[in-house]
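The values are calculated or read from the model by the stated rules, or taken from the named source; none is laboratory data. From a predicted model like this one, the values you see are computed outputs, not experimental measurements. Here the Cβ positions follow ideal geometry from the backbone for every residue, glycine too, while neighbour counts run over all protein chains shown. These area figures cover heavy atoms from the full protein model, side chains too; ligands, DNA and RNA do not enter into them. Shrake-Rupley method; radii C 1.70, N 1.55, O 1.52, S 1.80 Å.
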Amino acid sequence: MLNTVNEKTKLQARELSAWYGRTPALKKVNVAIPSNSIVGLIGPSGCGKSTFLRCLNRMNDLIRSFRQEGKITLDEKDIYTQDTDIVLIRRKVGMVFQQPNPFPMSVFDNVAFGVREHNRGVNGKKLEEIVVNSLNQANLWDEVKDKLHQSGLSLSGGQQQRLCIARLLAVKPEVILLDEPCSALDPLSTGKIEELLLELKKSYTIVVVTHNLGQAFRISDYIGFFLLGQLVEFGPAAELAVKPKEKVTADYISGHFG
Ligand SMILES: Nc1ncnc2c1ncn2[C@@H]1O[C@H](COP(=O)(O)OP(=O)(O)OP(=O)(O)O)[C@@H](O)[C@H]1O
Ligand SMILES: [Mg+2]
């Protein structure tokens, strides 16, 4: 449920359940994700966080044993209808993974890649402008402006992760999903990604899975706590930090879980 009347829902899951074969992974998840906010998803390993995130841009469609029930809407439109344009959904709802995964090509071409795919008419000066803007938005421009034609794989892990974010921003997404984006990064690079996400939420809606509770509470407006496939609790981060409704949430947050 949303907490203030003037917040607009960007993404919503209603009664979302999911299975891999016969094994349940999500159980009747209901949640509304407000526009221009950061939603942090926490919970122990195997509780369904990544599964839930992948449902939001239909990445689970690629897994053969996967089945789901319930509804997911983006701007109130069901994204699982027969005539949904999946390529468009994945462009609008972009994803960043745990391991930075730049393509084996130059920094410039990494960022230009999606633009060339989605918008073949864009090239020359216009393409250059999009690449520079996206690198700027990802707070990476100053570090790579003299390396645009070097391989993206030659950058540091933290720079590679910001390159992946720049690549995503270049195709103008509306929602950014991140699955443990900092778990392979050192504290300095992690800090840079956190600052970046706080900046990006002005223009995008962000959902981030993290095992780092400090990070979840530093950057999130809302936090969702998953346990055994259920979204046990969802609410403003400030409220969850001091007064979670459920005892299991309190136990998990205080490290007394299990
Ligand atoms: N591709 C898959 N095939 C079969 N089962 C899967 C697959 N992906 C996930 N699962 C199962 O679904 C359940 C939820 O997994 P999921 O990856 O969503 O958890 P998670 O909360 O992201 O865990 P972690 O914190 O370890 O990343 C687990 O029991 C897992 O074994
Ligand atoms: Mg996961």
* To do: Keeping all protein chains in place, calculate the accessible area per residue for the chain (probe 1.4 angstrom), answer in Å².
  => 49
* Asked: For region 1-93, which trypsin sites (Lys or Arg not before Pro) are in a loop by DSSP, counting at most 15 other Cβ atoms within 10 Å?
  -> Lys8, Arg22, Arg64
* Structure fact -> Taking 221-229, 143-151, 245-253 and ranking on average Cβ neighbours within 10 Å, highest first, one gets 221-229, 245-253, 143-151
* To do: Provide Thr73, Thr81 ordered by accessible surface of protein heavy atoms (probe 1.4 Å), highest first.
  => Thr81, Thr73
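Restricting the count to DSSP beta bridges whose residues both fall in the chain, what percent are antiparallel, rounded to a multiple of 5?
Values: 25 of 42 bridges.
Once the DSSP bridges in the chain are tallied, antiparallel ones form about 60 percent.
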* Cα centroid of region 38-89 to Cα centroid of region 107-145, whole Å -> 28
* Kirkwood-type radius of region 24-96, with distances r between different C-alpha atoms, in Å -> 13.5
* To do: Per DSSP H run of n ≥ 4, the term is -39500 (n - 2.57); total these for the chain, divide by its residue number, and report the mean residue ellipticity at 222 nm rounded to 500 deg cm²/dmol.
  => -10000 deg cm²/dmol
* Structure fact -> region 129-258: antiparallel bridges as % of DSSP beta bridges, rounded to 5, reads 55
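Between the DSSP loop rule and a limit of at most 14 other Cβ atoms within 10 Å, which trypsin sites (Lys or Arg not before Pro) in region 193-233 are left? Intermediate values should be presented prior to the final figure.
On the way: sites: Lys201, Lys202, Arg218; in loops: Lys201, Lys202.
Passing both the DSSP loop test and the Cβ count: Lys202.
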* Asked: Using the Cβ atoms and a cut-off under 12 Å, what net charge is assigned to the surroundings of Ser37, where Lys and Arg are +1 and Asp and Glu are -1?
  -> +2
* Could you work out, for the chain, what percent of all Cα-Cα pairs fall into each 10 Å distance bin, beginning at 0 Å and stopping at the bin that holds the largest distance? => 7, 30, 35, 21, 6, 0
* Which percent of the accessible area of the chain is formed by carbon and sulfur heavy atoms (probe 1.4 angstrom)? -> 51
* Take the Cα coordinates of region 130-258, assign each an equal point scatterer, and use the Debye formula without solvent to give log10 I(q)/I(0) at q = 0.13, 0.14, 0.18, 0.21 Å⁻¹. => -0.60, -0.68, -0.98, -1.21
* Asked: Relative to the first principal axis of the alpha-carbon coordinates of the chain, what is the inclination of helix 187-200, with its axis defined by its Cα atoms, in degrees from 0 to 90 and to the nearest 10?
  -> 90
* Structure fact -> Note: region 212-258 at 20 °C, 1.002 mPa s; Kirkwood Rh on alpha carbon pairs; Stokes-Einstein D in µm²/s works out to 201
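Too long at a 23 Å Cα-Cα cut-off: which of Lys28/Lys245; Lys27/Lys92; Lys10/Lys172; Lys8/Lys202; Lys71/Lys201?
Too far apart for the 23 Å limit: Lys27/Lys92; Lys71/Lys201.
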